[in-house]
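Here the structure comes first, spelled out in structure tokens, and everything after it is commentary.
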């Protein structure tokens, strides 16, 4: 028999059983480290998540704080936390979009509305901490070195030159402050659908701030996966600044080489870069992006 991975061994101790089978779980961006599904001899199954570097250990502690403190229909069930390894209910039989249905989209909207009413547990950082990096490493980075973004072919150099001042100004005006619990990384691979309800996973960026950010952050991936235009779910007056922030984030990154540990990251970012750039252009009243060469 294959040697038992340490996270699985810790998971079986936490649950008081003996693991008879296990399999690594890879995320959509290609991360297969520290993530396992396992089954116990008594028929129970669970998902275990373990740290794989210093940052991931901190992320897990933040996730554990949320799972231990927050109740809601959008929360998966916490089975155990031993201070290092997180053990959650097995969600492998839930539906993981895409494809999207109108019922699935509505379920996520309901879950986001519920999340926005949750009082955050003490100890989470303000969303402004994340916002500073999102904004500074977005359009300013594209302005300083536009070639990686232009290599995506999403717009011409002339369009970018004309649009950059408006995109930067709109992104800088985004309001991240607030008192709500914010997941801060809502997208299809961080949520699933079960019995008509949406469940959110991967709470490692959980913060306190403006709940509209969660809705806005979800919309580019939704549009890229065949869903409706973002404006259909978030009115222009509320979405313009966040559209500019998110467009800068994805457009500044999608053309970079993929990190070895996340081989599919740029594919997912490229999927979101095009719809979010078009969204930002529409809500800011800019001309449609001219594809490079056309």
- Task: Say whether the condition of being touching a residue at least 24 places away in the same chain (Cβ under 8 Å), out of contact with any strand residue (DSSP E or B) (no Cβ under 9 Å at 6 or more places or on another chain), outside any helix (DSSP H, G or I) and not assigned by TED's automatic domain parsing to the domain that holds residue 201 is met by at least one residue in the stretch 52-64.
- Result: no
- Task: Filter the stretch 6-30 for residues that are touching a helix residue (DSSP H, G or I) at 6+ places or on another chain (Cβ under 7 Å) and either crowded, with 19+ Cβ neighbours inside 10 Å or modelled with pLDDT of 95 or more (or both) and give the result.
- Result: 18, 19, 22
- Test set (1) touching a residue at least 40 places away in the same chain (Cβ under 8 Å); (2) over 20 Å from residue 266 (Cβ atoms); (3) within 20 Å of the chain's Cα centre (by Cα) - residue 113 fails condition number: (1)
- For the stretch 31-51, indicate whether the set of residues that are free of Cβ contacts under 8 Å to residues at least 24 places away in the same chain, surrounded by 15 or more Cβ atoms within 10 Å (Cβ to Cβ) and either over 19 Å from residue 206 (Cβ atoms) or assigned by TED's automatic domain parsing to the domain that holds residue 187 (or both) is non-empty. yes
- Message: Residues that are assigned by TED's automatic domain parsing to the domain that holds residue 271, within 28 Å of residue 28 (Cβ to Cβ), without any contact (Cβ under 8 Å) to a residue 40 or more places away in the chain and assigned to a helix (DSSP H, G or I): does the stretch 118-134 have at least one?
- Response: yes
- Query: In the stretch 276-294, what residues are more than 16 Å from residue 134 (Cα to Cα) and surrounded by 22 or more Cβ atoms within 10 Å (Cβ to Cβ)?
  - Reply: 279, 283
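The values are calculated or read from the model by the stated rules, or taken from the named source; none is laboratory data. As the structure is a prediction and not an experimental result, all values here were calculated from the model. Positions of Cβ are backbone-derived with ideal geometry, glycine not excepted, and every protein chain shown enters the neighbour counts.
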